[in-house]
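Please treat every number below as a calculation from the coordinates, not as lab data. Bear in mind that the values here come from a model prediction, so they are computed numbers and not experimental data. Cβ atoms come from the backbone with ideal geometry, glycine included; neighbour counts cover every protein chain shown.
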Amino acid sequence: MSGPLTAPLVVEFPFTRSLGPVQSAFLTGLRERVVLGVRAGDGRVLVPPTEYDPGTAEELRELVEVAPTGTVTTWAWNPAPRPRQPLPTPFAWVLVRLDGADTALLHALDAPGPDAVRTGMRVRVRWAADRTGAITDIACFEPYEGEPREGEAHEDEPYESGPYIREFTDPVTGITTPARLDYTYAPGSAQSRYLAALARHRIVGERCPACRRVCVPPRGACPTCGVATREQTEVGPRGTVTTYCVVNIKARNAAIDVPYVYAHIALDGADQALHGRIAGIPCDRVRMGLRVEPVWTDGARHPDHYRPTGEPDAAYDTYKELL
Amino acid sequence: MRCPRDVAIVGFAQTVHRRTSENVSETEMLLPVLREVLDRTGLAPGEAGFTCSGSSDYLAGRPFSFTLALDGVGAWPPIAESHVEMDGAWALYEAWVELLTGATDTALVYACGKSSAGDLDAVLTRQLDPYCTAPLWPGPADLAALQAQALIDAGATDETELAAVAARNRAAARDNPYAQLRGRVPMGPRRAGPLRTGDCPPVSDGAAAVVLAAGDTARRMCERPAWIRGLDHRIDPQGLGLRDLTEASSARLAAEHAGAFDAPVDTAEIHAPFTAQEVILRRALRLGPEVTVNPSGGALAANPVMVAGLVRFGEAAARIHRGESRRALAHATSGPCLQQNLVGVLEGEGP
């Protein structure tokens, strides 16, 4: 018998996030090559800004423009950048306190090597060519041996709360943050055994040593008793529809036309119903107790669907515990 | 802190932590651990008055994976059950509170994690602030390296001390059959900033479980229960630039509220995945040279994410069970750069 199975699994989630007034101003500012902070209750200017005071939780709205130049407060050389990090070649992660700010911002510093980086060094923003209103509108930082640029830090001239955002035309109100994670899915021993048998068009459950019930598909443990299941037992191929629904709305990317019937099917010898599609019979003729059998297609690991066997319907008492 | 009831850790079990576990599902990984801890405390599956687990769907990319893990606990007839998308140490906290209310006398707490299924560095970026930090995809070692550099700049440590932390933990792990990195491990090349591969934890798959019990039930189940004298968790601000990375303010505060500073501890199991974090935590938790720190080898020897914090509590309790400790501190951390911290104080009765 083949060993445990694995398969590639990709999870992608393009979260769409709305921005409050503070994040909206900050990210719109980056698009316009302006860095905004927010003044906290204790007078400190926070960059990146927060909507609420990290110490007192009071609402913060007083936006302050800070300079695109600043000082590295700590750094870490990244010898092997990973996909989607800010730069494709080795760079330094840096926390930068921008001139006019009291807190530090995380980003990348483009430098030739770790010997060219130190805490306390002066850096400035390198703006991305295409800016959309995102933290990546800052392409990275670059070394900058100069003093704070006059006229760019307005510590003493706070912008009015609220009106500032209206100085930008077309403010950014939301961001889409695509994320993709790649996995190797491993279903484990019990499901690997089940899938290996399915490849031979056999449906094999596992019997609980405590309650003797047969779990299909098996997951390695009896969900009722919480004990390991190891004794394999073949079930079906015929079974009984215990309950069903008619699907009238087509799922995105689904290859099956609506309407179709999706059912709970208790295979003969199984003590759990599994899911399957019913075909070969009009939707309005499907019923509880209908006897069905799997229909396999070449190369598929799972039955394509189940069809009526033509046997008399099963009596309710034979499947009432398996709905 | 005054507790309305005495609650103790009375049983602990864990897997051998490994780099991969492709042959088992999470449930299959968990089953032997649950069986062992229930057998040890004389509970049948489903018998505990409360069940609470910690895990994260992001690790293996399986939505609602914690509901599948419930296959292993005997959840029928329906049990009182809860789950936290956090390290199992936070599940232990919830179970402890449940027992303090008097609602029940026993609780099963477990955690499992299969970090090997995904790219852990990428997965852990998804816990970061989604506006300004996560879009840059900094991994946990990148952020820990910023913290380590800040600590070095402050004159609070150097690479020699960090290498000694790594060596001491992995030497201690020689006596821990469940650990993954045991004995001599080369410090290796630089992985991020001042951190070498040896300063970083291994990628580990694993599971762990503890049983909590109150009062006389605890005494019946365990010869020398590890009584929880205090338990508290605190969090630092989310922004990495908003806090002093060389301190673990929330760890210190949690320890204070848990009563850790009221009397000396002889043992501490602290959750420091990166060497520099042990230096920070020893200061924050006031652990002097007289305290035995991480006799298990800690997270530098095995770091099953979502499990390693609960293991610290289990290891500390097990030393009390065996009579090797009288008063122990257990600590768990979550988030980047020791952002969130949970501290407990465990005591055995008698000498």
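Exposed loop sites here mean GluC sites (Glu not before Pro) with a DSSP loop assignment and at most 11 other beta-carbon atoms within 10 Å; chain A contains its longest site-free run at A:161-323.
Applying a DSSP loop filter and a limit of 13 other Cβ atoms within 10 Å to the trypsin sites (Lys or Arg not before Pro) in segment B:165-211 leaves B:ARG184. Across all Cα pairs in segment A:12-178, the calculated P(r) in 5 Å bins from zero up to the longest distance comes to 2, 9, 17, 20, 20, 17, 10, 5, 1 percent per bin.
Run through segment A:104-145 and list the trypsin sites (Lys or Arg not before Pro) located in a DSSP loop whose Cβ has at most 13 other Cβ atoms within 10 Å.
Passing sites in segment A:104-145 are A:ARG118.
Inter-label distance, A:ALA255 to A:CYS283: 2.1 nm, where each label sits 7 Å from its Cα along the C-beta direction. Taking only the Cα atoms of segment A:165-261, the radius of gyration and Dmax are 22.7, 72 Å. For chain A, the longest principal axis of the Cα atoms and the long axis of helix A:189-199 meet at an angle of about 60 degrees. For chain B, the mean residue ellipticity at 222 nm estimated from helices alone is -9500 deg cm²/dmol, where every DSSP H run of n ≥ 4 contributes -39500 (n - 2.57) and the total is divided by all residues, rounded to the nearest 500. The angle between the Cα long axis of helix A:21-31 and the main principal axis of chain A comes to about 70°, on a 0 to 90 degree scale. Counting only Cα atoms, the size of segment A:81-144 along its three principal axes is 30, 28, 17 Å, in decreasing order. Using the rule -39500 (n - 2.57) for each DSSP H run of four or more residues, divided by the residues of chain A, the 222 nm mean residue ellipticity is -2000 deg cm²/dmol. One compactness figure for segment A:55-112 is 1.40, namely its Cα radius of gyration divided by 2.2 N^0.38 Å. The trypsin sites (Lys or Arg not before Pro) of segment A:246-289 that meet both conditions, a loop assignment by DSSP and at most 15 other Cβ atoms within 10 Å of the site Cβ, are A:LYS250, A:ARG252, A:ARG287. Between amide H atoms placed 1.01 Å from N, distances below 5 Å from B:VAL293 occur with B:ALA268, all of them 5 or more places distant or on a separate chain. Positive-end ranking of A:GLY269, A:LEU290, A:TYR316 along the dipole of segment A:188-322, with charges on Cβ about the Cα centre, is headed by A:GLY269. For segment A:309-321, the Karplus equation 6.51 cos²θ - 1.76 cosθ + 1.60, evaluated at θ = phi - 60°, returns couplings of 8, x, 5, x, 4, 6, 6, 3, 4, 7, 9, 5, 8 Hz by residue, with Gly and Pro reported as x. A viscosity of 0.890 mPa s and a temperature of 25 °C, combined with the Kirkwood radius over C-alpha pairs in the Stokes-Einstein formula, give segment A:188-322 a diffusion coefficient of 158 µm²/s. Derived scalar couplings between HN and Hα for segment B:184-191 equal 6, 10, x, 5, x, x, 5, 9 Hz in order, rounded to whole Hz, by the Karplus curve 6.51 cos²θ - 1.76 cosθ + 1.60 (θ = phi - 60°), x for Gly and Pro. Charges were assigned to the Cβ only: +1 to each Lys and Arg, -1 to each Asp and Glu. The resulting dipole of chain A about its Cα centre is roughly 2080 debye. At q = 0.07, 0.09, 0.12, 0.14 Å⁻¹, what is the log10 ratio I(q)/I(0) for chain B, with the Debye formula run over Cα points and no solvent? Summing over Cα pairs of chain B leads to -0.26, -0.43, -0.79, -1.10. Residue-normalised convex hull volume from the C-alpha trace of segment A:232-307: 104 Å³ per residue. Across all C-alpha atoms in chain A, the radius of gyration and Dmax reach 30.9, 90 Å. For segment B:11-22, backbone phi angles converted through the Karplus equation (6.51, -1.76, 1.60; θ = phi - 60°) give residue-by-residue couplings of x, 8, 8, 8, 7, 6, 7, 9, 5, 9, 8, 5 Hz, Gly and Pro being listed as x.
Dipole orientation for chain A: of the candidates A:VAL11, A:ASN248, A:VAL123, A:ASN248 has the Cα lying most toward the positive pole (charges on Cβ; Lys, Arg +1; Asp, Glu -1). Shape annotation for segment B:154-305: C-alpha extents along the principal axes are 53, 37, 30 Å, from largest to smallest. Amide hydrogen proximity for B:GLU81: with H placed 1.01 Å from N in the peptide plane, the residues at 5 or more positions away or on another chain lying under 5 Å are B:THR51.
Need one value for B:134-147: mean number of C-beta atoms belonging to other chains within 10 Å of its residues' C-beta atoms. Don't skip to the end; give the middle numbers.
Details: counts 4, 9, 11, 7, 9, 4, 0, 2, 8, 4, 1, 7, 10, 3.
Neighbouring Cβ atoms belonging to other protein chains average 6 per residue here.
Against chain B, whose longest principal axis is taken from its Cα atoms, helix B:275-284 shows a tilt of about 70°. What is the distance in Å between the Cα centres of segment A:35-96 and segment B:191-243? Answer, in whole Å: 30. The alpha carbon centroids of segment A:277-306 and segment B:1-47 are separated by 42 Å. Of all DSSP-defined beta bridges confined to the protein assembly as shown, some 85% are antiparallel rather than parallel.
Peptide B:112-120 has a mean shielding of 3, counted as Cβ atoms of other protein chains within 10 Å of each residue's Cβ.
Given contacts defined as C-alpha pairs under 8 Å and at least six residues apart, what's the relative contact order of segment A:188-322, whole-number percent? Before the final figure, lay out the partial values.
Details: 295 pairs, mean separation 28.5, N = 135.
The normalised contact order for segment A:188-322 reaches 21 percent.
Only Lys, Arg, Asp and Glu carry charge here, each on its Cβ (+1 for the first two, -1 for the last two); on that basis the protein assembly as shown has a dipole of about 2240 debye about its Cα centre. When the Cα centres of segment A:231-247 and segment A:1-34 are compared, how far apart do they sit, in Å? Segment A:231-247 and segment A:1-34 have Cα centres separated by 40 Å. Counts of other chain beta carbons within 10 angstrom of each beta carbon in peptide A:92-102 average 3. Please work out the FRET efficiency for the pair A:VAL11 and B:ALA80, using the Cβ-Cβ distance as r and a Förster radius of 45 Å; give the result to the nearest 0.05. That pair, A:VAL11 with B:ALA80, gives E of 0.90. Once backbone amide H atoms are built at 1.01 Å from N, A:ALA270 has A:GLY236 as its partners under 5 Å, excluding neighbours fewer than 5 places away on the same chain.
Label positions at B:PHE261 and A:ALA300, each projected 7 Å from the Cα along the C-beta direction, are separated by 6.7 nm.
Once the convex hull of the C-alpha atoms of the protein assembly as shown is built, how many Å³ does it hold per residue, rounded to a whole number?
Values: hull volume 124.9 nm³, N = 674.
Convex hull of Cα atoms, per residue: 185 Å³.
Between B:PHE64 and A:LYS320, the modelled label-to-label distance comes to 2.8 nm, taking each label 7 Å out from Cα in the direction of the beta carbon.
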